[in-house]
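Here is the structure we will look at.
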Amino acid sequence: MSEEKNDRLESSNGDVSRRQFLKGLGGGIAVTGVLATATETETEAHPAPEPASASAVQRLRGKVRVRLNINGQEMTALVEPRTTLLNTLRDHLDLTGAKKVCDRGSCGCCTVLVNDKPVYSCMMLAVDAQGKKITTVEGLGTPEKMSPVQEAFVEHDALMCGFCTPGFVVSCTALLQKNRNPSLEDVKKACSGNVCRCGTYPHIFEAALAAAKKMRGA
Amino acid sequence: MKSFEFVNPASLRSAISTLASAGEKAKLLAGGIDLLGEMKDYIQQPDIVVNLKTVPGLNRLTADRRGLRIGPLVTLTEIAEHPVIRANYTALAEAAESVGTPQIRNVGTIGGNLCQRPRCWYYRDEAVVCLKKGGSVCYAVEGENQFNAVLGGGPSWIVHPSDCAPALIALNASVEITGPQRRRVVPLEKFFTLPTQNVLQETILESGEIVTQIIVPAPAAGTRSHYMKVRHKESFDWALSGAAVMLQLRNRRVAACRVVLSGVAPIPWRSPEAEAVLRGKAVTPQVAMQAGQAAMAKARPLGKNAYKVPLTRNVVKLAVLKTAGV
């Protein structure tokens, strides 16, 4: 969605080709067929190849097929170099657990694990996320078989509207993978990159501490 | 964000030649936190984005008797958690830990932290063509300037956003810069430039040049350091005011020192005035306060940022006391 929106923005700036403009509008009946062939200059994008020589560069433009390792599965998507990991998850791979709110790396709703570390998926390009182990909130547990953190969020009523919840669950999970016995201060610090506009922080912190206790078997 | 070509260079040489031949049309991407933010807001609209992460060897961090060698792609989390840096280069670990959020520090790099662009909201507003974007006016002068500079301002009044830069300057760090023609090593203090020199950029980097290493000499015996940062919002924010302090104590007296401020000037602001107060003295609350006063003696606040003057005086005082363990 966002790319289409951006295409429209570009057209109003006057620095875009007529082709992209029509594609942005999305409804050009007579020209649709032509557009399809004209824009599908697909490139295979893999993690940096072994350099043939020191002067070698890999150039990715237009539509790019990215291969991503998400929740233990190899997935592919046809995106542009400018497409963020978040937009790829949500708009191309039907993984809508990570939420798009600020889209500027401030709110934390899009938090996913990349190589087991929490990152903002809105501030990482999909082409740049290849070759890494990506875990979204969907990869942590299911409604039938919740992870200890997810379960603790339910038990401690750690949400109000729920929109920030996936991000907090991922941040708390990352903390507990690193620190089995966190203090309240550790939890606050681990959640410092996530914002809850409803203000349910005390319950979130309680849930994280309870999940830690449960995971230690205490 | 505007569409662009994404380039994965296989070597430093090809990264530099790609950057140099494309000139203003290309931007270098490390962690991407700052650059993608600018591109989403159309502050930067490169045709080519050169990915530094495919260049081998730039994410190395070594700590030995000579000191630290930090590759530009080392993340802020790695620096903040490194046991040797925490013990012997404390100001740097504290500064790295104070940047952004866990999610930002896990991706954000030390090279990107030094080369990030200003946070002034006029600069960051897509609709405003301010002095730093080739316009003719610094809107902060008459505008909402509560977060702008009180030292070294003019003709632009941005403050430099880096926390790590003041800490590294306090620790006498240098940067290695590699470009199309040459490789040069420059004291980090000389890496940053005032708006009077070139209002469109904050560093001495020329076209095609890349920061390829940060070099921190091993601290002399008796050296301690600390970075203190005051923020508008405690959970995460840029500095309203901060101070990186390095003290080398001999027989309880200051044999050598550096005081470098963040959040108050267009560059990380070294204060020779505060250092002169401290040199040769035993650190007491009174001496620390005098250092704070000396640091801000030449401050010239704008309409809405006069609070930064007493704030910074006290930040310097507290940072000096904490460093000295008083």
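The values are calculated or read from the model by the stated rules, or taken from the named source; none is laboratory data. As the structure is a prediction and not an experimental result, all values here were calculated from the model. As a convention, Cβ positions derive from the backbone with ideal geometry for all residues, glycine included, and neighbour counts pool all protein chains shown. Calculation scope for accessible area: heavy atoms of the full protein, side chains included, ligands and nucleic acids excluded. Shrake-Rupley method; radii C 1.70, N 1.55, O 1.52, S 1.80 Å.
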Quiz item: Would you say B:Leu73 is under 23 Å from the mean Cα position of the chain (by Cα), closer than 21 Å to B:Arg117 by Cβ and free of Cβ contacts under 8 Å to residues at least 60 places away in the same chain?
Solution: yes
Practice problem: Quick one: B:Ala20 ticks every box in (1) away from every other protein chain (no Cβ under 11 Å); (2) in a loop (DSSP other than H, G, I, E, B) except a single one, so which number is it? | Solution: (2)
Self-check item: Filtered residues of the range B:97-152 (kept if within 13 Å of chain A (Cβ to nearest Cβ), open to solvent by 20 Å² or more (accessible area, probe 1.4 Å), under 23 Å from B:Val50 (Cβ atoms) and of a type in the set (Gly, Ala, Ser))
Solution: B:Gly112
Practice problem: Go through the range B:224-248 and give me each residue that's over 20 Å from B:Arg119 (Cα atoms) and open to solvent by 40 Å² or more (accessible area, probe 1.4 Å). | Solution: B:Arg224
Quiz item: Which of (1) buried (at least 21 other Cβ atoms within 10 Å of the Cβ); (2) out of contact with any Pro (no Cβ under 9 Å at 6 or more places or on another chain); (3) under 18 Å from A:Gly72 (Cβ atoms); (4) among the aliphatic types (A, V, I, L, M) does A:Met146 not meet, given it meets every other one?
Solution: (1)
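Filter the range B:260-282 for residues that are open to solvent by 20 Å² or more (accessible area, probe 1.4 Å) and of a type in the set (Val, Ile, Thr); which is farthest from B:Phe147 (Cα to Cα)?
Of all residues in the range B:260-282, those open to solvent by 20 Å² or more (accessible area, probe 1.4 Å) come to B:267, B:269-270, B:272-273, B:276-277, B:279-282.
Applying the additional criterion that residues be of a type in the set (Val, Ile, Thr) yields B:267, B:277.
Working: B:Ile267: 14, B:Val277: 27 Å.
Ranking the qualifying residues of the range B:260-282, first place goes to B:Val277.
Considering only the range A:157-218, give the helices (runs of 4 or more DSSP H) lying wholly within it that have at least 2 residues that are charged (D, E, K, R).
A:184-190, A:201-215
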Practice problem: Could you name every one of the strands (runs of 3 or more DSSP E) located completely within the range A:89-135 that has at least 2 residues being within 8 Å of chain B (Cβ to nearest Cβ)? | Solution: A:111-114, A:117-120
Self-check item: Enumeration of residues in the range A:152-162 that are open to solvent by less than 60 Å² (accessible area, probe 1.4 Å) and more than 19 Å from A:Ala98 (Cβ to Cβ)
Solution: A:Ala152, A:His156
Quiz prompt | Subset of the range B:182-202 [touching a residue at least 60 places away in the same chain (Cβ under 8 Å), outside any helix (DSSP H, G or I) and within 24 Å of B:Tyr89 (Cα to Cα)] | solution = B:Phe191, B:Phe192
Quiz prompt | Boolean, B:Arg60 is within 9 Å of chain A (Cβ to nearest Cβ), free of Cβ contacts under 8 Å to residues at least 24 places away in the same chain and open to solvent by 30 Å² or more (accessible area, probe 1.4 Å) | solution = no
